[in-house]
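Peer 1: What follows is a structure written as structure tokens; I'll ask about it next.
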Amino acid sequence: MAGLKELRTRIEAIKSTQKITSAMKMVAASRLRRVQILVDKNQGYSENLRRSALRVKTEIEAEEKVKNVRFIRPLLLQEKKNPQKYTLCVLSSDRGLCGAYNSNVAKCASQRIKELQKAGKTIKVVCLGKKAYDILRRTFRNTDVEIERLVIDSHNVSYPKAAAKLADKILNGFKNGSFDVCEVVYARFVSAISRNFVCEQVCPLDLNVEKLSDDKLSVINRAGDAFYEYLPDKLTLLTNILPILFNDNVFKIMVNAAASEHGARMSSMDSATRNAKKMISELTLKYNSLRQSAITTELIEIIAGAEAI
């Protein structure tokens, strides 16, 4: 009977755990739906904004070739020929229970850090999220890689405000010469069960992320047979567009990372709930088998006692 009591206690404990994982799955699914709306709405806006900036930049470069002049580039497009100082922003979560999400983010960051170390670059890592910070600090504790944690409470502020804080920090560092290149390691959202872990340069801005050829760039300034006209002049327009595009890039990265985290947690909790259900079924079958065996044994003893009388 002690075995039956232990099984009964274990089944009740697993049922309690199943309730928790099921509730966490529903919460993650609700948060994912809200963030996924932001990801979908931002995608078209972000792409059109980047293409507009690329179009203006291409026309400025064409004008430089024709007039044999050199315009001063806006700050966000000023690239150094041989950058030495790199800042890596790593976006992970502060909480666990989301499968291998945080470890994969840290793995992608570690690979990029090792690449930069081989190239002899100076590296500073800024982590948004406790989990990646803990992993990277252990991994590179005996190296000269500087690792710090940046706390932006995105739970109490909206994603645009949190993105604006991060964008200001990156831009101020670039203006002050703290780094030559800033890259962000994050999970690009694909679907609730799929995400890509990437390292993306955000500063200076890379407008030609599609790697369009010169032939395609030469026709980007026209729509059919019609050409674009600009007011004010192209350089002023580009200078005004780039800060908006930069803030939008940081916002896009943050909502993609948030959607990936919620999707990973939802999938992880769904698996945990299904595993709990399977364990309950197996333990219940074992419990019923033992209980039936105990009942049969008691009946045999009663019948044997009655026959002995």
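Peer 1: Of the peptides 90-99, 17-26, how do they stack up when ordered by the mean number of other Cβ atoms within 10 Å, highest first?
Peer 2: By packing density, highest mean first, the sequence is 90-99, 17-26.
Peer 1: When 1/r is averaged over all different Cα pairs and the result inverted, which Kirkwood radius in Å belongs to the stretch 25-267?
Peer 2: About 19.3 Å, per the Kirkwood formula over Cα pairs.
Peer 1: According to the square roots a ≥ b ≥ c of the eigenvalues of the Cα gyration tensor, what is the shape class of the stretch 230-309, taking rounded for a/c under 1.5, prolate for a/b larger than b/c otherwise, and oblate for the remainder?
Peer 2: prolate
Peer 1: Packing-wise, with mean Cβ within 10 Å as the measure, how do 272-284, 163-175 rank, highest first?
Peer 2: Most protected by this proxy first, the peptides run 163-175, 272-284.
Peer 1: Oh, and also: Could you tell me the calculated FRET efficiency between ASP214 and SER178, based on Cβ-Cβ distance and R0 = 25 angstrom, to the nearest 0.05?
Peer 2: FRET efficiency, ASP214 to SER178: 0.15.
Peer 1: With a Förster radius of 25 Å, plug the Cβ-Cβ distance of LEU290 and LYS19 into 1/(1 + (r/R0)^6) and report the FRET value to the nearest 0.05.
Peer 2: 0.50
Peer 1: Shifting gears a bit: Spin-label point model (7 Å from Cα, Cβ direction): what's the VAL66 to GLU148 distance in nm?
Peer 2: 4.7 nm
Peer 1: Something else: For a quick check: with amide H placed at 1.01 Å from N, whose amide H comes under 5 Å from ILE147's, ignoring anything fewer than 5 positions away on the same chain?
Peer 2: Here VAL125 satisfy the definition.
Peer 1: Calculate I(q)/I(0) for the stretch 112-227 by the Debye formula, one identical point scatterer on each C-alpha and no solvent, and give its log10 at q = 0.11, 0.22, 0.23 Å⁻¹ to two decimals.
Peer 2: -0.53, -1.43, -1.48
Peer 1: In the stretch 25-267, what percentage of the DSSP-assigned beta bridges are antiparallel, given to the nearest 5?
Peer 2: Antiparallel: roughly 40 percent of the beta bridges in the stretch 25-267.
Peer 1: Same structure, new question: Against the longest alpha carbon principal axis of the chain, how many degrees, from 0 to 90 and to the nearest 10, is the axis of helix 2-67 turned?
Peer 2: That works out to roughly 10 degrees.
Peer 1: From the helices alone, meaning DSSP H stretches of at least four residues, give me the mean residue ellipticity at 222 nm for the chain, per-run term -39500 (n - 2.57), in deg cm²/dmol to the nearest 500.
Peer 2: Calculated from helices alone, the mean residue ellipticity at 222 nm is -22500 deg cm²/dmol.
The numbers here are math on the coordinates, done by the rules we state, and not lab data. Small disclaimer: the values here were computed from a predicted structure and weren't measured. Backbone-built Cβ (ideal geometry, glycine too); neighbour counts: all protein chains shown.
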